[in-house]
Every structure is written in structure tokens, then in C-alpha cells.
1. Given (1) farther than 26 Å from V139 by Cβ; (2) out of contact with any helix residue (DSSP H, G or I) (no Cβ under 6 Å at 6 or more places or on another chain); (3) of a type in the set (V, I, T), where does V37 come up short, assuming only one miss?
2. Go through region 13-42 residue by residue and tally those that are farther than 13 Å from M88 by Cβ, within 19 Å of the chain's Cα centre (by Cα) and outside any loop (DSSP other than H, G, I, E, B).
3. For the condition assigned to a loop (DSSP other than H, G, I, E, B), modelled with pLDDT of 85 or more and in contact with a strand residue (DSSP E or B) (Cβ under 7 Å, 6 or more places away or on another chain), what is the one hit in A45, A53?
4. Considering only region 24-32, I want to know if a residue exists there that is open to solvent by 50 Å² or more (accessible area, probe 1.4 Å), farther than 14 Å from V71 by Cα and touching a residue at least 60 places away in the same chain (Cβ under 8 Å).
5. Within region 103-148, track down each residue that is open to solvent by 100 Å² or more (accessible area, probe 1.4 Å), acidic (D, E) and modelled with pLDDT of 65 or more.
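The values are calculated or read from the model by the stated rules, or taken from the named source; none is laboratory data. Model, not experiment: these values are computed from the prediction. Neighbour counts are summed over all protein chains in view; Cβ atoms, including those assigned to glycine, are modelled from backbone coordinates with ideal geometry. Just the protein is used for accessible areas: all its heavy atoms, side chains included, with ligands, DNA and RNA removed. Shrake-Rupley method; radii C 1.70, N 1.55, O 1.52, S 1.80 Å.
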Amino acid sequence: IDLDINYATPEYFSVMSIPLIEGRQFKPQDDRNPDDVAVVNDALAQRYFAGRAIGRRLMDPSGRPVEIVGVVMTRSYRAFEGAQRPMMYFPMSRATSRGFYAAVRGRNDAAHVDQDVVAALEAAGDATKLEVMRFDAFVRRALAPDRLVGTLVAACGALSLGLAVVGVYGVM
């Protein structure tokens, strides 16, 4: 199955404004529950289960069966992708990577949110590298390769137009 995998906390979907279509989101006890659960996006539910994914089982990357407990709306997970990719979300406790992105929505003064996030992550311990950035800066960084390609294409187009104008002028 061709799909992307993400790890999420119970609050992830509300922070990222990803609405629940059916079933449920993660609960705090899903991190401690031995029964493995997953939430999938609508693209996966439609492609592999004809829209009826709740209660169905899939195998996770390590080969363990997981039960689908919720379906969320499909979002674009990469800069400018054409097709909507299937996505499977697991509880954060199943994450095996030591590096991750944390999405935090602040309710207070935006200037203090960065300091609060760094303090909370350092209090959690074992944080070797912390980089906190606002969402607009994160999006700018993610779109930088696409912006570079667009700039190069525009420059080549302008150069081609200039050469065409000089060529037509020379013929005249």
C-alpha cells in the first residue's frame, strides 16, 4: 500500500484544523492501551475501503495489526502535490524517530509562545536541538525549493522573450 505515516497526539487534529469525518480521534489512553489503533485520512478510506474504514484492520510498518478508529479529512501534506495522498496516523507513543516537528497553537501573546514552547520541551528532557519557528516561516522554508524553481523558470522565460524581441528587431 502506498501511503504516508504520521504520529500525532490527541490534540493534533484540532491544532492543525483537520476535521474528523467519522469515528473518533486519539484519546490519551491510546498511548497506554495495548490494542493498536490508527486514524486514517479520507483518501485512504476511499481508496482501500470504499469509504467504510472504521473498525477495519491494517498492518503497520512493523507488521502489527492496527484497528482504524477514525477518519479525518484529507489535507495537502506537501507543498504542491497533485493527487491527495493516503495518510495513516498513529499515537505519538509509537513514534520510533527521535526527531519530530511539534505544532503548537498559542492563545497568549505571540512573543512569549516561543519561550514557553522551548521551556516546556526542555522540561520534558533529552532535547538536544530545539528550533522554534512560526508557522509562516516554516511554510516559507518548505516552499523555498518550489520558489527557486519558479524564479529560474521566470528568468529563463524573460531571457527567451528578450532574445525573441532582439531577433524580431534584427529581422525588421
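1. (2)
2. 5
3. Details: A45 fails: assigned to a loop (DSSP other than H, G, I, E, B).
Among A45, A53, only A53 is assigned to a loop (DSSP other than H, G, I, E, B), modelled with pLDDT of 85 or more and in contact with a strand residue (DSSP E or B) (Cβ under 7 Å, 6 or more places away or on another chain).
4. yes
5. Selection gives E122, E131.
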